[in-house]
Amino acid sequence: MMRAALILSLLPMAAPADVLECRLFPEGGGAELLVAFGIDRTQFAPPLNPDEPPRRQESRVAMGDETFAAEPLLFDDGRRGFWTGDRQDGALLMMIAPDSRATLSTQDGAVFTGDCEDLQ
């Protein structure tokens with residue numbers, strides 16, 4: 001819940017946002033990994049003017065003791081998540097199904113699965 005408060009503080013207050021907190025475990029067992037992030041849905045709105053430059057879509061992610069920027073993902077079928085290739089430890093892809101089941105895949109092949117709670 002503390003990480004979710006951090007994510008909430010990073011999002012604009014007036015923006016409709018998804019705020020998710022996820023409890024994930026590595027395949028084969030191991031310690032729990034907490035992941036929290038927000039998706040500001042206004043970032044996905046079409047430009048009001050065709051001359052407007054493309055909008056940067058960014059989410060703040062808190063994962064374990066790390067906080068970083070990632071590209072938010074929203075799909076028409078209800079899936080959400082994020083992707084980042086800018087981390088020193090390698091790329092990450094997080095996908096959350098409409099039923100809140102989540103998968104986090106790392107560049108080195110590690111896979112974490114679990115469930116997310118929508119805090120908004």
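The values are calculated or read from the model by the stated rules, or taken from the named source; none is laboratory data. On a predicted model such as this, the values are computed, not experimentally measured, just so you know. Note that we place each Cβ from the backbone using ideal geometry, even for glycine, and neighbour counts take in every protein chain shown. Remember, those area values only see protein heavy atoms, side chains included, never the ligands or the DNA or RNA. Shrake-Rupley method; radii C 1.70, N 1.55, O 1.52, S 1.80 Å.
Of all residues in the stretch 32-67, those that are hydrophobic (A, V, I, L, M, F, W, C) and open to solvent by 80 Å² or more (accessible area, probe 1.4 Å) total 1.
Checking Arg87, Arg101 one by one, the residue that is among the basic types (Lys, Arg), under 27 Å from Gly29 (Cα atoms) and open to solvent by less than 80 Å² (accessible area, probe 1.4 Å) is Arg87 and no other. Across the stretch 74-120, the qualifying residues are those that are in a loop (DSSP other than H, G, I, E, B) and touching a residue at least 40 places away in the same chain (Cβ under 8 Å), and the one among them that is farthest from Leu20 (Cα to Cα) is Ala110.
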